[in-house]
Each structure stands twice: as C-alpha cells, then as structure tokens.
Amino acid sequence: MNQDTSLYELPVNCDFSKVGNNHTMETGCSPVLKDPFFSEFIGLVINTPKIFLWPKNDSIENYQSFPNGGNESPLKFSISGLAKIPDSVLNYDGDISYEIVVTAVNQKTAEVYSAKMIKNGMSGTKPGSTLSNTNDLPHDFIRKHYFNIDLVSNAGLPISEAIYTVYAMIGKYKSNVITVTTKFKDN
C-alpha cells in the first residue's frame, strides 16, 4: 500500500537501546502521527536505526534473558512500529499488535528473518479469536496499536555484517520499507 509520509514522523535521535522487546507501549522511538486525534493515516509504519553497530566477538548468550523475550545484550535489531487499522483485519477484535509480522531480508543472500511479538511466552493468537471485550464497537472500528520487537531475539537474525530490507505486514497492510546496515564496531 502506498503511504502518505506527510501524515507521520519517524523520530531520528531516539535511543533504540532502551526500547523493550515484545512491548505494546508507545516509546520515544515510535512513529508519531502529526495529528494524533484526527489523522487520516491508515496502515502500518515502522522506525528503526539505519545502522546497528555491534561489539565484535560478543554473543547474545553472554547476557541475561527475560521472560518477555528481551535481554540486556547490545546485540539487538530493534523496530518500533505503529498500526492504525480497522479491527476487522484478520477478524480480530482488540489488540492485534501480536499478529503483525516484521521481516528483514538480507539483500546479499536473500535470507528472510520474520517474527511476531511474543505474548506471555507464546507467539500470537488464533485467527477469529476475541482479544478484548469490544462487542459493542463497530467491526470496522479503527484504533492505534504500538509494537516493539527485536529480530535478533524473536527471529534469530544472525550477528553478522549485512544490509537488510525491513518492513512489517498484517493482512493487506504493509509498512514503509527501511534499509538497515549491521556492522561491528572498531575497537
């Protein structure tokens, strides 16, 4: 879907190291609608750094992991996103953040790393399930959802130097596309 980029902003000087994994809260790195109350934006939009600088000779196994899928490691590939779409997408009623698929495609090898956020140790829910009690709202009710995901933890994206094409999808909606480079820091 073609998006009108004049309807949102992507924070550029935010600290992605502070963005938690598998969180549905707005962060300082989340995309921002220019008019938060009356925006005509419908769709998905993501934000992520253009470059991830990782320490050399480090491993994610060297850091404590948390039950939500996060960890204390600097080895992250964090993405913050905003979805503003009708509840009728995928026949869900309520928070669909856990059903958004975030994908990174290695531009050299064409390897694909895709994942959804993990909720309570399980990935997503079954289509047609009710996620909240909103039966009195119209089926095409539009609401905002935030999502934050780390593709190293959730998709097994390798700790190596590469260039990726990154985007998110749910139903017929596809986000903006961002090119991201992963590099090792020079000591």
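The values are calculated or read from the model by the stated rules, or taken from the named source; none is laboratory data. Since the structure is predicted, the reported quantities are computational estimates derived from the model, not experimental observations. Don't worry about glycine lacking a Cβ; one is built from the backbone with ideal geometry, like all the others, and counts go over all protein chains shown. Note: accessible area is taken over every heavy atom of the protein model, side chains too, but ligands, DNA and RNA are not part of it. Shrake-Rupley method; radii C 1.70, N 1.55, O 1.52, S 1.80 Å.
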Net charge of neighbours whose Cβ lies under 13 Å from the Cβ of residue 14, counting Lys and Arg as +1 and Asp and Glu as -1: -1
Per residue accessible area of the stretch 1-44, 1.4 Å probe, in Å²: 65 Å²
Accessible area in the full protein assembly, largest first, 1.4 Å probe, for 169, 25, 117: 25, 169, 117
Inverse of mean 1/r across different Cα pairs in the stretch 1-58, Kirkwood, Å: 13.4 Å
Accessible area (Å², 1.4 Å probe, nearest 10) - residue 114: 60 Å²
Solvent-accessible ranking of 52, 37, largest area first, probe 1.4 Å: 37, 52
Solvent exposure, largest accessible area first (probe 1.4 Å, DNA, RNA and ligands not counted), of 141, 38: 38, 141
Gain in span if fully extended, residue 39 to residue 56, counting 0.36 nm per residue against the direct Cα distance: 1.8 nm
Fraction of accessible area attributable to carbon and sulfur, the stretch 4-63 (%, probe 1.4 Å): 54 percent
